[in-house]
1. Of the conditions (1) under 20 Å from V179 (Cα atoms); (2) surrounded by 16 or more Cβ atoms within 10 Å (Cβ to Cβ); (3) not hydrophobic (A, V, I, L, M, F, W, C), R215 clears all except one; give me its number.
2. Can you find a residue in the stretch 166-185 that is surrounded by fewer than 18 Cβ atoms within 10 Å (Cβ to Cβ), touching a Lys or Arg at 6+ places or on another chain (Cβ under 9 Å) and within 25 Å of T64 (Cβ to Cβ)?
3. Return yes when Q121 is exposed (fewer than 15 other Cβ atoms within 10 Å of the Cβ) and farther than 17 Å from Q78 by Cβ and no when it is not.
4. Out of curiosity, is A113 closer than 19 Å to L203 by Cα and surrounded by 11 or more Cβ atoms within 10 Å (Cβ to Cβ)?
5. Write out, first by first residue and then by second, each pair whose Cβ atoms fall under 8 Å of each other, whose residues are 6+ apart or on separate chains, and whose first residue, in the stretch 46-65, is in contact (Cβ under 8 Å) with a residue 12 or more places away in the chain while the second is surrounded by fewer than 22 Cβ atoms within 10 Å (Cβ to Cβ) and acidic (D, E).
6. Within the stretch 145-164, identify whether any single residue is touching a Lys or Arg at 6+ places or on another chain (Cβ under 9 Å), among the acidic types (D, E) and crowded, with 19+ Cβ neighbours inside 10 Å, and answer yes or no.
Amino acid sequence: MKNQHLNRLVRTYVSLGILMMFLSAASIAQDEVCLPSPNGQIKACVFADTEGQLAYRLTHGGATVIETSALGVTVDGQTLGSKVKTKPPKRKRISTSYPWRGVKNRSVNRCNAYDVPVFHQDRGLTWILEVRVFDDGVAYRYRIPGTGSRRIDREATSWQLPQGTCVWYQTNTDSYEGVYNQSRPEDIPLEREVRQGKRPVFLGCPVTAELPQGRYALLSEAGLYNYSGMTLRPTSTRTLESAFEDDPEGFVSDGPIVSPWRVTIITENLHDLVNSDMISNLCEPPDDGLFPDAQH
């Protein structure tokens with residue numbers, strides 16, 4: 001009888017433990033919003049983790065391209081990507097084309113565009129994570145309301161690449177004409193030798209990654225206006241972090257803050273990678289005053 005009673009207790013505790021695991025997973029999943037591309041092959045999943053840190057992950061055809069990676073920006077010393085909750089996104093479709101020079105005479109801009117409201121609990125501030133999901137990649141930027149001059153200290157923006165990824169990168173961020181090196185992201189050195197001694201390693205965009213599933217990814221930015229240019233910092237892990245090499249102490253922005261797009265192009269081969277329209281799609285059209293003959 002004692003053994004039967006003990007077995008019943010054990011089964012009860014095990015069942016309760018499994019139930020709690022499912023409930024915990026469900027509560028985390030409720031905060032996750034998955035944003036598909038027009039053809040449904042690429043998904044950007046945005047969520048606040050158990051500690052309230054805003055994060056995302058990217059998949060292509062169900063395979064992970066970018067593992068869970070941090071999002072957010074620090075303004076006037078307040079980290080707007082932590083202690084947050086996400087709200088249901090608003091979606092619209094973009095489908096346009098415009099003249100282009102090169103191997104084709106028109107480029108196509110087709111994506112699902114999402115505005116994900118992010119509520120910062122300490123400040124009571126709601127800002128927007130703007131996400132565009134194309135059939136060949138994902139881009140996002142931060143839109144933070146406000147007035148006056150504010151200091152942008154840093155971004156939490158990062159890319160955690162899958163195990164077995166190989167990247168091509170260069171560290172000449174003066175002219176961006178350095179020799180490209182091949183390495184696993186976790187093996188990129190944190191410092192390099194210069195005439196004055198050693199200096200931290202910064203990677204100039206773009207960084208190209210060959211993923212273990214046979215796919216390719218390109219990490220870069222687009223639509224850079226009134227903002228410091230982004231470089232990437234290795235971390236001795238598979239994560240590359242955003243950095244402002246030219247403004248390590250931060251920089252000042254007036255009025256509403258709109259960051260450049262943080263871009264991840266995702267393709268199955270190098271041909272499609274170099275022929276992607278994503279970067280040009282994310283930039284503003286030519287200024288009519290400067291280019292009066294430009295066609296939009």
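The values are calculated or read from the model by the stated rules, or taken from the named source; none is laboratory data. Since the model is a prediction, treat every value here as computed from it, not as a measurement. Because the Cβ atoms are built from the backbone with ideal geometry, glycine has one as well, and the counts that use them run over all protein chains shown.
1. If we test R215 against (1) under 20 Å from V179 (Cα atoms); (2) surrounded by 16 or more Cβ atoms within 10 Å (Cβ to Cβ); (3) not hydrophobic (A, V, I, L, M, F, W, C), just (1) comes out false.
2. yes
3. The answer is no for Q121.
4. Considered against the rule, which asks whether it is closer than 19 Å to L203 by Cα and surrounded by 11 or more Cβ atoms within 10 Å (Cβ to Cβ), A113 comes out as no.
5. What qualifies is V46/E32; F47/D31; F47/E32; A48/D31; A55/D49; R57/E67.
6. Yes, that holds for at least one residue.
Each row is one residue, and each column tells you yes or no for (1) surrounded by fewer than 18 Cβ atoms within 10 Å (Cβ to Cβ); (2) assigned to a strand (DSSP E or B); (3) modelled with pLDDT under 90.
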site: I18; (1), (2), (3): yes, no, yes
site: L23; (1), (2), (3): yes, no, yes
site: A29; (1), (2), (3): yes, no, yes
site: N39; (1), (2), (3): yes, no, no
site: C45; (1), (2), (3): yes, yes, no
site: Y56; (1), (2), (3): no, yes, no
site: V65; (1), (2), (3): no, yes, no
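Here is a yes/no grid of residues against (1) at pLDDT 95 or above; (2) surrounded by fewer than 12 Cβ atoms within 10 Å (Cβ to Cβ); (3) closer than 19 Å to W159 by Cβ:
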residue: L190; (1), (2), (3): yes, yes, yes
residue: K198; (1), (2), (3): no, yes, no
residue: F202; (1), (2), (3): yes, no, yes
residue: T208; (1), (2), (3): yes, no, yes
residue: P234; (1), (2), (3): yes, no, yes
residue: F251; (1), (2), (3): yes, no, no
residue: I257; (1), (2), (3): yes, no, no
residue: V263; (1), (2), (3): yes, no, yes
residue: P292; (1), (2), (3): no, yes, no
